[in-house]
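**Q** Below is the structure I would like to discuss, written out as structure tokens.
Values quoted throughout were computed directly from the atomic coordinates according to the rules given, and no laboratory measurement underlies them. Just so you know, these numbers come straight off a predicted model, no measurement behind them. Cβ coordinates were reconstructed from backbone atoms using ideal geometry, including for glycine residues, and neighbour counts include every protein chain displayed.
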Amino acid sequence: MATNILSDKAIRAALKEAAETGKPKTVKDGDGLSLIARPEGAGWWRLRYWLQSRENRLSMGTYPDVSLADARTRRDAARKLIAAGIDPSKARKADKAQQAANAEAKALADAGLPGPDTFEYVARDWLTTVHEAKVSAGHADHTRIRLEQDVFPWLGRRPIADIEAPELLECLRRVEARGAIETAHRVKDACGQVFRFGIASGKCKRNPASDLREALRPVVSRHHAAIVDPVEAGKLLRDVMAYEGHPVTRAALKLSALLLLRPGELRHMEWGWIDLDGAVLTVPAEVMKRKKADKADGPPHVVPLAVQAVAILRDLHPLTGENGRRFVFPSLLTGERCMSENTVRGALRRMGYSNDDMTAHGFRAMARTMIAERLEVAPEVIEAQLAHAVGDSLGRAYNRTQFLDQRRDMMTRWADYLDRLRTGAEVVPIKAA
């Protein structure tokens with residue numbers, strides 16, 4: 001087949017003919033190279049080639065920006081790749097991608113930021129792309145802070161593909177050395193997710209965090225301190241009634257025992273969630289301790305209010321609920337935010353209860369234990385009121401039972417039982433010597 005049969009004169013003639021007729025005209029130079037003369041006065045170079053028995057076409061630029069000589073040079077370079085079994089179209093895309101990556105790396109380096117193949121770059125990409133979409137904003141923020149404090153200073157600028165298990169373990173040992181064993185495990189888990197994301201995005205080939213499964217000191221589980229003895233619980237309730245601190249704090253202590261809410265749910269309680277006449281508190285799903293998807297699509301948590309709880313809230317309303325105020329327990333410094341997480345804890349300390357005796361979260365454990373043991377309520381009813389998730393995804397999908405009638409009866413019985421403990425009317429059997 002003849003090659004190099006075109007001339008600039010022939011190209012100009014083809015362009016003139018296309019302009020006069022208003023139709024494109026194709027002229028060939030041989031060996032697959034052709035020029036499509038367009039009516040608007042430009043020519044488009046195209047290379048037609050076969051690879052693995054498939055016909056392909058490749059753009060070679062536009063005439064006159066790409067001259068006839070330049071087009072032939074590009075054709076010959078593409079032919080060499082084809083002869084070596086390389087698709088010139090894919091090679092061009094790879095080259096453009098590499099150029100873009102090099103430009104991005106240079107821009108990041110000029111700005112003093114980690115490059116696109118570093119651990120920090122991949123980790124931040126994972127945080128925004130995956131992690132923030134799956135968990136709450138607070139959870140994602142905690143993960144980011146852990147990585148920034150405990151990993152990025154040592155491994156952040158390292159190529160993620162070059163990091164080995166001993167390097168990561170050395171990082172985690174620093175966290176262990178300050179006594180933060182649980183944090184070390186959380187950092188390892190976060191790094192493992194970063195490496196898995198790096199594998200999926202082609203930045204690395206393996207996850208060294210998986211090699212550290214038995215390398216860290218085990219976490220020793222500690223439960224929240226809670227009073228579960230009826231006599232001690234009665235004394236606690238009397239101490240709450242005698243508390244001489246702020247009345248809003250005293251109301252928070254009383255309702256901590258009555259409502260079975262998590263401390264954060266109690267602190268964030270809003271007057272708009274409460275129907276005093278209907279004796280019900282409805283906590284929005286987004287406030288509950290749930291996965292992000294369940295916060296967005298899950299049902300609210302309904303808390304039946306015993307008459308004692310309604311009475312406390314009615315007494316509290318003139319203090320914090322007038323004039324459209326939002327929070328049932330506003331900050332004692334500013335009403336714009338809810339009560340501090342340390343308020344109930346601090347009140348317990350002032351009453352003489354150390355962190356090993358009773359905590360704000362311990363009121364839930366107290367209720368869980370004593371309702372089961374003393375009131376003999378079915379465990380599934382108690383768990384529903386505690387808003388504990390069903391253990392498996394299939395169970396969560398099909399178990400929509402809320403036991404509302406049973407929970408309403410349970411909350412009334414629990415409030416009455418606490419009254420008996422507080423007044424000493426509940427007789428506690430004493431074992432004979």
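**Q** When the dipole is taken about the Cα centre of the chain, and only Lys, Arg (+1) and Asp, Glu (-1) are charged at their Cβ, what size is it in debye, to the nearest 20?
**A** 1500
**Q** If I fit a long axis through the Cα atoms of helix 137-150 and take the longest principal axis of the Cα atoms of the chain, what angle between them do I get, 0 to 90°, rounded to 10?
**A** The angle comes out near 70 degrees.
**Q** Given the C-alpha atoms of region 8-103, compute the convex hull and give its volume per residue in Å³.
**A** Once divided by residue count, the hull of region 8-103 is 110 Å³.
**Q** In a Gaussian network model over the chain where Cα atoms closer than 10 Å are linked, find which of D150, D125, D277 has the largest mean-square fluctuation.
**A** D277
**Q** Mind pulling the angle between the C-alpha long axis of helix 165-177 and the longest principal axis of the chain? Nearest 10 degrees, somewhere in 0 to 90.
**A** The helix 165-177 is inclined about 30 degrees to the chain.
**Q** Mean-square fluctuation check for the chain, GNM, Cα pairs under 10 Å: which of T369, T334, T282 is largest?
**A** For the chain, modelled as a Gaussian network with Cα springs under 10 Å, the answer is T334.
**Q** Over the Cα atoms of region 233-373, each weighted equally, I'd like the Debye log10 I(q)/I(0) at q = 0.12, 0.21 Å⁻¹, rounded to two decimals.
**A** Reported log10 I(q)/I(0), two decimals: -0.48, -1.47.
**Q** Arranged by the count of other C-beta atoms within 10 angstrom, fewest first, what order do W273, W50 take?
**A** So the residues, fewest neighbours to most, are W50, W273.
**Q** For a bin width of 20 Å, list the pair-distance distribution of the chain built from all Cα-Cα distances, rounded to whole %.
**A** 18, 32, 24, 15, 10, 1
**Q** I've got another one for you. Taking just the C-alpha trace of region 119-212, give me its Rg and Dmax in Å.
**A** 12.2, 35
**Q** I want the antiparallel fraction of DSSP beta bridges within the chain, as a percent rounded to 5.
**A** 100
**Q** With 10 angstrom as the radius, rank S136, S210 by how many other C-beta atoms surround their C-beta, starting from the fewest.
**A** S210, S136
**Q** Between R368, R349, R54, where does the largest GNM mean-square fluctuation fall for the chain, given springs only between Cα atoms within less than 10 Å?
**A** Evaluated over the chain, the most mobile residue of the options is R54.
**Q** How tilted is helix 247-259 with respect to the longest principal axis of the chain? Cα atoms for both, answer in degrees (0 to 90, nearest 10).
**A** Around 80 degrees separate the two axes.
**Q** Do you know the Lys pair count in region 8-103 for C-alpha distances under 22 Å, with sequence separation 8 or more or different chains?
**A** For region 8-103, the number of qualifying lysine pairs is 9.
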